[in-house]
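Peer 1: Submitted below is the structure of interest, expressed as structure tokens.
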Amino acid sequence: MSASSAFSDEKGGSASEPEYGHDPASGGIFSSDYKRHDDLKEMLDSNKDSLKLEAMKRIVAMIARGKNASDLFPAVVKNVACKNIEVKKLVYVYLVRYAEEQQDLALLSISTFQRGLKDPNQLIRASALRVLSSIRVTIIVPIMMLAIKEAASDMSPYVRKTAAHAIPKLHSLDPEQKDQLIEVIEKLLADKTTLVAGSVVMASEEVCPDRIDLIHTNDRKLCNLLIDVEEWGQVVIINMLTRYARTQFLNPNVNESLLEENSEKAFYASDDEEEEDKKAEPATLAKRKPYVMDPDHRLLLRNTKPLLQSRNAAVVMAVAQLYFHLAPKAEVGIIAKALVRLMRSHSEVQYVVLQNVATMSIKRRGMFEPYLKSFYIRSTDPTQIKVLKLEVLTNLANETNISTILREFQTYIKSMDKDFVAASIQAIGRCATNIGEVRDTCLNGLVQLLSNRDELVVAESVVVIKKLLQMQPEQHSDIIKHMAKLIDNIQVPMARASILWLIGEYCEHVPKIAPDVLRKMAKSFTNEEDIVKLQIINLAAKLYLTNSKQSKLLTQYVLNLAKYDQNYDIRDRARFIRQLIVPTDKSGALSKYAKKLFLALKPAPVLESPFKDRDHFQLGSLSHLLNAKAAGYQELPNWPESAPDPSVRNVEIPDWSKCSSRKDRKEKKVEKPFYSDSEGESGPTESADSESDSGSGSASASGSDESGSGSESEESGEETESDEEEEDEEEEKKKRKKLDKTKAKKQAEESAERCAIHTIHQIRVNYNQLVSPNVSCSAPSFPQRAEQQCRGQEAWQEGSEESEKCSIKMYELLHRIKGEGLAVEYCFSRQPFSPEPNMVAVQIQFTNNTNSETKNLHIEDPRLQSGMRIREFAEIDVLAAGESVTVVMGIDFCDSTQAANFQLCTHTRKFFVSIQPPVGELMTPAFLTENDFKKEQGKLMGMNEILEKLTLGEKCVNEHVIVERVTATANLSRVPCGSDKEFAGKTVSSGCLVLVTVTTKEGGGAQLTVNCEKMLIGTMLVKDILQALSQ
């Protein structure tokens, strides 16, 4: 039985009831909105994880189908704290989708998202960060920044990848955070994980695309990682490295670009290079220098070449554009086969690939010639694909293959697709323009098309013939006469206008036909399109200037008709031409030059590819596809004149094998101690190795002696065999040392846990020892600190018995009157509760003030808040009259000050009691060095930091009293050697750090700083400490 059916049975619903949550559209326009998603809301409110999981699956399925599920936000967001991992994942998926729309409700769960950032499960941590970065509210920018910084240092590469994705979101929300984000990007760029590489490069491109200095030291690493990065990351990295290479390397084709380039011969340049060099000018030859490719340039080309075989079309396209922009001319040809392979893919991929091939084929024609047949058009191709293939075929046409291509074009003209037929005729015209040998053949073929039944074919042929005739009009007067005869049959305005322009331009070649054409056109002038009317006026003006006897009256008639035309452009043209060709007293000086103006020789049109100048855009980009600069496009830099310094890409890697002796290696180790910089000040004799091995002094002494003898023998020049043996011995000693260290560390940590939490009087004396002058500030390692503190506490316990009797604050649990003679008190012993470390140890003292025995003392019916737990003490069988007994119980307060309620039972009565902890008792001391304290404090800034100013009380006269008051209020430990009075602890339940700083000022003033991830605990702790220090 599924979870949904179980739920319907549980609610008593019948199977015939509609599932509103399953399909929001069920019920059509008559469905009642108030019942919409009711079943999902009830499932989300249930206590069963299986029902919640089923509900979340259905909600996510609705979102996937494009349904609106935003009204379920309040019901879903309540489950963000659910302990079931699967439910929590789906809740985060939902929140990522709707957090931006429902910002107010999402903000209420901000603390839950912050807790999610600390979750043991990497998927939950990443999802929490993703949701947090989806809430676009400026007030949480500090929280987002802190979360990104923490995630950038996460152990999981998946979380670090998510941090990289969050960087552009935060930058778009608050651009002022750019400097801090660049620091995070710099840190992530140094990451050696392939999962992170693509994401951080994308973040860098979004936030700081101009900071190429961030790429210098990572260039070689990115080249080597490229093959293992995911496909999306490969595209991003390749595009970025293309622009980077254009700024750092020299143009490999610089010598070819200095010469006049014959595109075909230059590609196959083997035998003809010497001849071309001889023909080149001496100045050009002088500029040519021998080109040597940079090793990093070669590394980039070598590591991207295998990706041409990628199954992802975008990756292949990215490598192709890299080779086109960066590779030497002789090596670019390898991309042709890969691009041709992509043309077997979907039409969308074909369209993008053909756009880029059309651009490449203009400059690199030779590399696509072997694959000419791959660009032949199929009947199933969409029109846009057909047009692009025509473009490529036209670009590839030369004297060798033009006959084959023209036969293909003849077939295409018979197609039913009119747009494609028009493009084919234009392609024939371009081939005739570019290749002089076939111009007459193409022209004759186009003239034959003039007798085609299809008017659109004839019209397009006329337009193309007009352009071709401009090149050699004297030789083709017969064609002009033939076209003049078509003027009665062709109705397409552009074609009619082209015929009239040809007759007017070359009216001297057809002196008898031109006036007759003007007569016919004058009759139909009022019914013609505007473009045709303008050409009729031009024809009339040209005939008036060359053959005024036959055309004078016709010209005046046409000009009079145009004078009253509805189109103002035609009216203005008519007035202008009348003043220009018909001189009067008012005519200006221009009328003298009318013939030169109208009958001037006009240059023949150049039929060029629309892709000719597109290569200044980076191939494969949206800007190249649109032939316009798109938003966010980064310009492709020009090649540098001189090579930049290649040493900026060098990365210093410490190589211990290069040290001349073990003595040198030892000195290098000492230079950077294991702990902070403050440890290094104590000199090489107090290095981390020697200190941590205090438990095994003889081993360390013998090790140092042997290392010393080893160094002496090496310096005196002993044979290499003895050196190798000593090195082997040294490695074995290191292994033994590591084992000893780990054992010592475990023992010390166990003793630290036993001795960490003591009563107030014990902590008080411990602090006296910490602040005493004989404590060194060299910050010993953690095991030593724990051992020192334990030894100090044991010595104090042996020497002072009075202080053991110091009172711990007792709280009344049951008054002896209310308890009918049974008095119960409790205190927080600050001792670790050994059965469960996450529980607070509560010490309970029973006193029997009656004259009779009390039996069977135990706990029943605990009433606890959600998440709280209680560990009962063992039942007390008998408590004799006048006697007392002490027991310990554990309570997990879940880091809250909510009371734990339960019944205290005897063999005769039951008493309702409650234990409410002060906020300071929810903590346990954490032992940190000063550097660790500062580091952790830096992570807990922004909303996690509370600052308060106060005036110290009269009794707080010295440091000892302040420390005593703070530690009495909260179970914290003093940070040794701190410049201020610094205290550290962590919450018992969740282990969240609590850092307290008291900075005293002159005049009895002070500043209290509390840093805690849990803001509520921080606020309550500030209140308690303020009260303690002000008394």
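The values are calculated or read from the model by the stated rules, or taken from the named source; none is laboratory data. Just so it is clear, the structure is predicted and the values come from calculations on it, not from any experiment. Heads up, the Cβs are rebuilt from the backbone with ideal geometry, glycines too, and the neighbour counts pull from every protein chain shown. With ligands, DNA and RNA removed, areas are computed over all heavy atoms of the protein, side chains included. Shrake-Rupley method; radii C 1.70, N 1.55, O 1.52, S 1.80 Å.
Peer 1: Determine whether Lys542 is touching a Cys at 6+ places or on another chain (Cβ under 8 Å) and in a helix (DSSP H, G or I).
Peer 2: Judged against the criteria, Lys542 is a match.
Peer 1: Inside segment 1-102, counting only helices (runs of 4 or more DSSP H) that do not spill past its ends, which hold 1 or more residues that are crowded, with 19+ Cβ neighbours inside 10 Å and at pLDDT below 85?
Peer 2: In segment 1-102, the matching helices (runs of 4 or more DSSP H) lie at 3-11, 38-45, 73-77, 85-98.
Peer 1: Being open to solvent by 30 Å² or more (accessible area, probe 1.4 Å), out of contact with any strand residue (DSSP E or B) (no Cβ under 9 Å at 6 or more places or on another chain) and in contact (Cβ under 8 Å) with a residue 60 or more places away in the chain is the requirement here; does Lys337 meet it?
Peer 2: In short, no.
Peer 1: Another question, if that's okay. Do you know which of the residues in segment 1007-1016 that are crowded, with 21+ Cβ neighbours inside 10 Å and within 24 Å of Gly953 (Cα to Cα) is farthest from the chain's Cα centre (by Cα)?
Peer 2: Applying the filter and picking the extreme gives Val1010.
Peer 1: Six or more apart or on different chains, Cβ under 9 Å: which pairs go from a residue in segment 545-573 that's touching a residue at least 12 places away in the same chain (Cβ under 8 Å) to one that's of a type in the set (S, T, N, Q) and loosely packed, with under 15 Cβ neighbours inside 10 Å? Could you list them?
Peer 2: Close Cβ pairs (under 9 Å, with a partner that is of a type in the set (S, T, N, Q) and loosely packed, with under 15 Cβ neighbours inside 10 Å) amount to Thr555/Ser548; Leu561/Thr526; Asp565/Thr526.
Peer 1: Applying the selection to segment 508-518, what residues are part of a helix (DSSP H, G or I) and touching a Ser or Thr at 6+ places or on another chain (Cβ under 9 Å)?
Peer 2: Matches in segment 508-518: Ala514, Pro515, Leu518.
Peer 1: How many residues are touching an Asp or Glu at 6+ places or on another chain (Cβ under 9 Å) and over 23 Å from Ser451 (Cα atoms) when one looks only at segment 484-508?
Peer 2: Counting residues in segment 484-508 that are touching an Asp or Glu at 6+ places or on another chain (Cβ under 9 Å) and over 23 Å from Ser451 (Cα atoms) gives 0.
Peer 1: Condition first: of a type in the set (Gly, Ala, Ser), at pLDDT 80 or above and within 30 Å of Val184 (Cβ to Cβ). Now tell me which residues in segment 927-961 satisfy that.
Peer 2: Gly938, the sole residue that qualifies.
Peer 1: I'm trying to understand the selection: among the residues of segment 927-942, which are among the aliphatic types (A, V, I, L, M) and open to solvent by less than 80 Å² (accessible area, probe 1.4 Å)?
Peer 2: Leu928, Leu940
Peer 1: Which ones in segment 793-818 are outside any loop (DSSP other than H, G, I, E, B), modelled with pLDDT of 85 or more and surrounded by fewer than 19 Cβ atoms within 10 Å (Cβ to Cβ)?
Peer 2: Tyr811, Glu812
Peer 1: Something else about it: What number of residues in segment 114-128 are buried (at least 17 other Cβ atoms within 10 Å of the Cβ) and either at pLDDT below 80 or assigned to a loop (DSSP other than H, G, I, E, B) (or both)?
Peer 2: Selection size over segment 114-128: 1.
Peer 1: Anything in segment 877-905 that is more than 60 Å from the chain's Cα centre (by Cα) and open to solvent by less than 20 Å² (accessible area, probe 1.4 Å)? List them, or say none.
Peer 2: Correct list: Leu879, Cys905.
Peer 1: Which one is farthest from Pro175 (Cα to Cα), of the residues in segment 205-260 that are hydroxyl-bearing (Ser, Thr, Tyr) and surrounded by fewer than 17 Cβ atoms within 10 Å (Cβ to Cβ)?
Peer 2: Going through the qualifying residues, I end up with Ser257.
Peer 1: Here is a list of conditions, (1) touching a strand residue (DSSP E or B) at 6+ places or on another chain (Cβ under 6 Å); (2) of a type in the set (S, T, N, Q); (3) buried (at least 20 other Cβ atoms within 10 Å of the Cβ), and Thr969 meets all of them except one; can you say which number that is?
Peer 2: It is condition (1) that Thr969 fails.
Peer 1: Please identify the pairs in which a residue from segment 293-314 that is closer than 20 Å to Thr217 by Cβ and assigned to a helix (DSSP H, G or I) has its Cβ atom under 9 Å from the Cβ atom of a residue that is open to solvent by 40 Å² or more (accessible area, probe 1.4 Å) and of a type in the set (D, E, K, R), counting only partners at least 6 apart or on another chain.
Peer 2: Asp296/Arg220; Leu299/Arg220
Conditions tested, residue by residue: (1) open to solvent by less than 50 Å² (accessible area, probe 1.4 Å); (2) in contact with a strand residue (DSSP E or B) (Cβ under 9 Å, 6 or more places away or on another chain); (3) among the aliphatic types (A, V, I, L, M).
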position: Ile148; (1), (2), (3): yes, no, yes
position: Met155; (1), (2), (3): no, no, yes
position: Thr162; (1), (2), (3): yes, no, no
position: Ile167; (1), (2), (3): yes, no, yes
position: Glu176; (1), (2), (3): no, no, no
position: Ile182; (1), (2), (3): yes, no, yes
position: Leu189; (1), (2), (3): yes, no, yes
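Peer 1: Another question, if that's okay. Quick one: is Arg571 farther than 15 Å from Ile499 by Cβ, in contact with a helix residue (DSSP H, G or I) (Cβ under 8 Å, 6 or more places away or on another chain) and open to solvent by 80 Å² or more (accessible area, probe 1.4 Å)?
Peer 2: In short, no.
Peer 1: List pairs: first residue in segment 403-419 and in contact (Cβ under 8 Å) with a residue 12 or more places away in the chain, second residue outside any loop (DSSP other than H, G, I, E, B) and open to solvent by 90 Å² or more (accessible area, probe 1.4 Å) anywhere in the structure, Cβ distance under 6 angstrom, at least six positions apart or on different chains.
Peer 2: Lys418/Leu456
Peer 1: Please determine, by comparing only the residues of segment 601-654 that are of a type in the set (Val, Ile, Thr) and either open to solvent by 60 Å² or more (accessible area, probe 1.4 Å) or in contact with a Ser or Thr (Cβ under 7 Å, 6 or more places away or on another chain) (or both), which one is modelled with the highest pLDDT.
Peer 2: The residue in question is Val651.
Peer 1: Please name all residue pairs, on different chains or six or more residues apart, with Cβ atoms under 6 Å, provided the first residue is in segment 596-615 and is part of a loop (DSSP other than H, G, I, E, B) and the second residue is basic (Lys, Arg).
Peer 2: Pro605/Lys467; Leu607/Arg430
Peer 1: Those residues that are in a loop (DSSP other than H, G, I, E, B), closer than 18 Å to Leu146 by Cβ and of a type in the set (Ser, Thr, Tyr), I need them from segment 976-1031; list them, please.
Peer 2: Correct list: Ser990 only.
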